[in-house]
Amino acid sequence: MPEPFRSHLQVLYKTLKNADFESYLVGGSVRDLCMGKVPKEYDLTTSARPEDIKKLFRHVIETGIQHGTVTVVMEKVNYEITTFRIDKDYTDGRRPDHVEFGSSLSEDLKRRDFTMNALALNLETDELIDEHEGQVDIRKKLIRTIGDPVKRFSEDGLRPVRAMRFASVLDFSIEPNTRKAIEITKQITAKISVERLQEEITKSFLGPKPSEMLKLLLEEGTLSLFFPNFLSESHTPQNKSLLALDSVPKENSGFILGMWIFAIFPLANPTECEEFLKKLKFSNQLIKDALFFFSTCQDLMKPLPLEDYDIRKRFLAPIAKHINTKKMEPNEVFAGLKVVISKLNDKEGIPWFEKLFTIWQSKPPLLLSELALNGKDIETLFPSLPKQKYGELLQFLLEMVWKDPINNQIATLTEHSAYFVSKL
């Protein structure tokens, strides 16, 4: 466990212990440690009540105090601390009707969703507490509910979606009885908000196989449950589209979302995809980014024998504009596109893409901002030209440069400008 987390956790543990309270590291952080991973966050469970924790620590945020959870901040690092709990009946398929504070760690672990998440670590002795064979399931790479999966999924409709997401980000399988329960409790899952569904989908993008969650969502009919007008229950993506999705650079969320929607609707028009993504509550900016990559991949799937002019205008100029606007690293974008196209086209599209990339590497001027003449130059050279015509003239010059980049010289563009003005 790296610093400063180890030191912080020791302070939290000792402070609670000195006040006669138990505390344990619990949940996903312990699971990750068992898998040899460095956790991104650390949660504790304790016998202390929220009001006790607030008295013991200086900087405490009441993040979920109604559920017994507060956040202690240490050197700008957040640690969620939750009182031992017993969740009572669930009647809305999402949250317990009321929460009772428990008196033991065992009671708290029993209420958790999956065996792999019901692990606790004693921070004084480093003893691993595993009352539900979570380590066995981690070794088997299995996602299994604690107790009857139908009962556990009926309590909280988000749990089946979390199971799919964990299968994706951990590269685990869902235990057969647990998977059967996803179908049985589908109408409970239908009660969760679209926002929560989208959050789980977005989290899957950071894992090694976002395709796995998408495949499960489609196979189990979960997406069609929320969007019956867009999807049938039998909707099946092509394997090569799923491989392409998994190959996208993880740091580019717009690219991943674009390929995610491409895997579902490879032949759809962008307007339909935009409507679908809006219903999934993705942000307008992310949707715009995703649709750019979606449309680009659709176009690149058509290896037409285009002239260099068409490549510069139809493909490279829009890519350059997007890269410039988003301040992306061009080589990373092209490397990502190259891998994606190779997956989608079974390598048939590579010669076509290589030609496109070769032209890009020659650094042709593609945008208005790259022209050798700008608006101020036009004003000086053609003072009588109405300013509302400047944009039209610059676009005319850009066309000339797309046709032959050698035209991007002041003298040549001035000559073309004079011709344009003479025709007005």
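The values are calculated or read from the model by the stated rules, or taken from the named source; none is laboratory data. Since the structure is predicted, the reported quantities are computational estimates derived from the model, not experimental observations. Using ideal geometry, Cβ is built from the backbone for each residue, glycine included, and neighbour counts are taken over all protein chains shown.
Quick grid of which residues meet (1) without any contact (Cβ under 8 Å) to a residue 40 or more places away in the chain; (2) more than 25 Å from LEU366 (Cβ to Cβ); (3) not assigned by TED's automatic domain parsing to the domain that holds GLY221:
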| residue | (1), (2), (3) |
| --- | --- |
| ASP246 | yes, yes, yes |
| PHE265 | yes, yes, yes |
| ASN284 | yes, yes, yes |
| LYS288 | yes, no, yes |
| CYS297 | no, no, yes |
| MET301 | no, no, yes |
| ARG314 | yes, no, yes |
| THR325 | yes, no, yes |
| GLY336 | no, no, yes |
- request: State yes or no: is ASP148 surrounded by fewer than 23 Cβ atoms within 10 Å (Cβ to Cβ) and not hydroxyl-bearing (Ser, Thr, Tyr)?
  value: yes
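Applying the selection to region 115-130, what residues are in contact with a His (Cβ under 8 Å, 6 or more places away or on another chain) and either surrounded by fewer than 20 Cβ atoms within 10 Å (Cβ to Cβ) or of a type in the set (A, V, I, L, M) (or both)? Even if it seems obvious, please write down each step before you answer.
Restricting attention to region 115-130, the residues satisfying the condition of being in contact with a His (Cβ under 8 Å, 6 or more places away or on another chain) are 115, 118.
Result: ALA118, single match.
The rows are residues; the columns are (1) exposed (fewer than 15 other Cβ atoms within 10 Å of the Cβ); (2) closer than 20 Å to MET116 by Cβ; (3) in contact with a Leu (Cβ under 9 Å, 6 or more places away or on another chain); (4) among the polar types (S, T, N, Q).
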site	(1), (2), (3), (4)
TYR13	no, no, yes, no
VAL30	no, yes, yes, no
LYS40	yes, yes, no, no
THR45	no, yes, yes, yes
field: For PHE230: the one exception among (1) over 15 Å from the mean Cα position of the chain (by Cα); (2) more than 16 Å from VAL340 (Cα to Cα); (3) outside the structural domain of GLY157 (by TED's automatic domain parsing)
entry: (3)
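A quick yes/no check of all residues on (1) out of contact with any Phe, Trp or Tyr (no Cβ under 7 Å at 6 or more places or on another chain); (2) not charged (D, E, K, R); (3) not assigned by TED's automatic domain parsing to the domain that holds LEU316:
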residue: PRO383; (1), (2), (3): yes, yes, yes
residue: LYS389; (1), (2), (3): yes, no, yes
residue: PHE396; (1), (2), (3): no, yes, yes
residue: VAL401; (1), (2), (3): yes, yes, yes
residue: PRO405; (1), (2), (3): yes, yes, yes
residue: SER417; (1), (2), (3): no, yes, yes
task: Just give me the residues in region 203-225 being crowded, with 19+ Cβ neighbours inside 10 Å and not small (Gly, Ala, Ser), in sequence order.
output: PHE205, PRO210, GLU212, MET213, LEU214, LYS215, LEU216, LEU217, LEU218, GLU220, THR222, LEU223
task: Check region 180-194 and report whether any residue there is at pLDDT 95 or above, in contact with a strand residue (DSSP E or B) (Cβ under 9 Å, 6 or more places away or on another chain), more than 30 Å from LEU344 (Cβ to Cβ) and surrounded by 22 or more Cβ atoms within 10 Å (Cβ to Cβ).
output: yes
task: Check whether at least one residue in region 123-141 is over 30 Å from LYS180 (Cβ atoms), within 28 Å of the chain's Cα centre (by Cα) and at pLDDT 95 or above, and report yes or no.
output: no
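Tally up the residues in region 73-87 that are under 16 Å from ARG6 (Cα atoms), buried (at least 17 other Cβ atoms within 10 Å of the Cβ) and either charged (D, E, K, R) or in contact with a His (Cβ under 7 Å, 6 or more places away or on another chain) (or both), please.
First pass over region 73-87, keeping only residues under 16 Å from ARG6 (Cα atoms): 73-81.
So of that shortlist, the ones also buried (at least 17 other Cβ atoms within 10 Å of the Cβ) come out as 74, 79-81.
Next cut, either charged (D, E, K, R) or in contact with a His (Cβ under 7 Å, 6 or more places away or on another chain) (or both) only: 74, 79-80.
Selection size over region 73-87: 3.
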- request: Give region 213-223 a look and list any residue that's in contact with a Leu (Cβ under 8 Å, 6 or more places away or on another chain) and either among the hydrophobic types (A, V, I, L, M, F, W, C) or modelled with pLDDT under 90 (or both), or say none.
  value: LEU214, LEU217, LEU218, LEU223
- prompt: Counting only residues that are buried (at least 17 other Cβ atoms within 10 Å of the Cβ), of a type in the set (Lys, Arg) and more than 18 Å from LYS250 (Cβ to Cβ), how many does region 282-338 have?
  reply: 2
